[in-house]
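Inspection log for the structure reproduced underneath, given as structure tokens.
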Amino acid sequence: MKAVHLIPLADGAQARRPGLDVLEPLAVALARTLRRPCRIRPEQVDVSFSEDGVRGQYYSTAILLRLQICAEDGVSVLGVAECDLYVPVLTFVFGEAQLGGACAVVSLARLREEFYGLPPRPDLLRERLIKEAVHELGHTFGLRHCGDWRCVMASSHAVERLDVKGADFCRACREAAGIW
């Protein structure tokens, strides 16, 4: 059973990084959902190297490669960022993970209602973050996207899709990942 370690990601000069008010509830929720230990690591990783100045976003695949230096045997590492993430073939990503690997990353940027010009909703942000974190960690456990729209492993390319799916694995994904 892989433990989960959360690592805050800072975006350089702006020094934006998720605080304990975000990370602590996430760690508790992940430990409960994944039924494995989850802790917040004390270090932070600077991801400014991955910024694309033209896009104003950060390249998530490069961040995953950097997170590998933080990986340990038997541990899934989840980097949590405030900055907006992308991969070249998509406009944005909520997160990315190494399929069957050790590292995943999630971004709070597009999970916040403020991104869409709406008032802050801390409860909705927390719910979205948990879903996205569980989804990306599911990939590190070897799970691919699920066809069940209610399963946390269903693909979400828009925040509305993220909002309608559940925060838990369907039975098939739970069995495949060995989560009981």
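The values are calculated or read from the model by the stated rules, or taken from the named source; none is laboratory data. The structure displayed is predicted, hence computed values, not measured ones. Virtual Cβ from ideal backbone geometry, glycine too; neighbours counted across all protein chains shown.
Test Leu90 against the criterion of being out of contact with any Gly (no Cβ under 6 Å at 6 or more places or on another chain) and at pLDDT 95 or above, and give yes or no. Working first, answer last.
Details: out of contact with any Gly (no Cβ under 6 Å at 6 or more places or on another chain): yes; at pLDDT 95 or above: no.
In short, no.
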Report task. Evaluate the range 146-157: report whether one residue or more is assigned to a helix (DSSP H, G or I), modelled with pLDDT of 95 or more and more than 12 Å from the chain's Cα centre (by Cα). Result -> no
**Report entry** Failed condition for Cys83, given (1) in contact with a helix residue (DSSP H, G or I) (Cβ under 7 Å, 6 or more places away or on another chain); (2) outside any loop (DSSP other than H, G, I, E, B)
**Finding:** (2)
Report task. Could you grab me the full set of residues in the range 93-103 that are out of contact with any Gly (no Cβ under 8 Å at 6 or more places or on another chain) and either surrounded by fewer than 19 Cβ atoms within 10 Å (Cβ to Cβ) or among the aromatic types (Phe, Trp, Tyr) (or both)? Result -> Phe94, Gly101
Requested in this report: Give the residue, chosen from Glu82, Glu127, Glu175, that is without any contact (Cβ under 8 Å) to a residue 12 or more places away in the chain, surrounded by fewer than 22 Cβ atoms within 10 Å (Cβ to Cβ) and not hydrophobic (A, V, I, L, M, F, W, C).
Outcome: Glu175
Report summary line: Note: among Glu114, Glu51, just one is touching a residue at least 40 places away in the same chain (Cβ under 8 Å) and among the charged types (D, E, K, R), namely Glu51
Query raised in the report: Taking the condition buried (at least 20 other Cβ atoms within 10 Å of the Cβ) and without any contact (Cβ under 8 Å) to a residue 40 or more places away in the chain, does Ser60 pass?
Result: no
Report summary line: The one condition Val152 fails out of (1) farther than 27 Å from Glu51 by Cβ; (2) in contact with a Cys (Cβ under 7 Å, 6 or more places away or on another chain); (3) surrounded by 20 or more Cβ atoms within 10 Å (Cβ to Cβ) is (2)
Report task. Would you tally the residues in the range 11-35 being within 20 Å of Leu129 (Cα to Cα) and out of contact with any helix residue (DSSP H, G or I) (no Cβ under 8 Å at 6 or more places or on another chain)? Result -> 13
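For the range 23-39, which residues satisfy the criterion of being hydrophobic (A, V, I, L, M, F, W, C) and either out of contact with any strand residue (DSSP E or B) (no Cβ under 7 Å at 6 or more places or on another chain) or surrounded by fewer than 16 Cβ atoms within 10 Å (Cβ to Cβ) (or both)?
Val28, Ala29, Ala31
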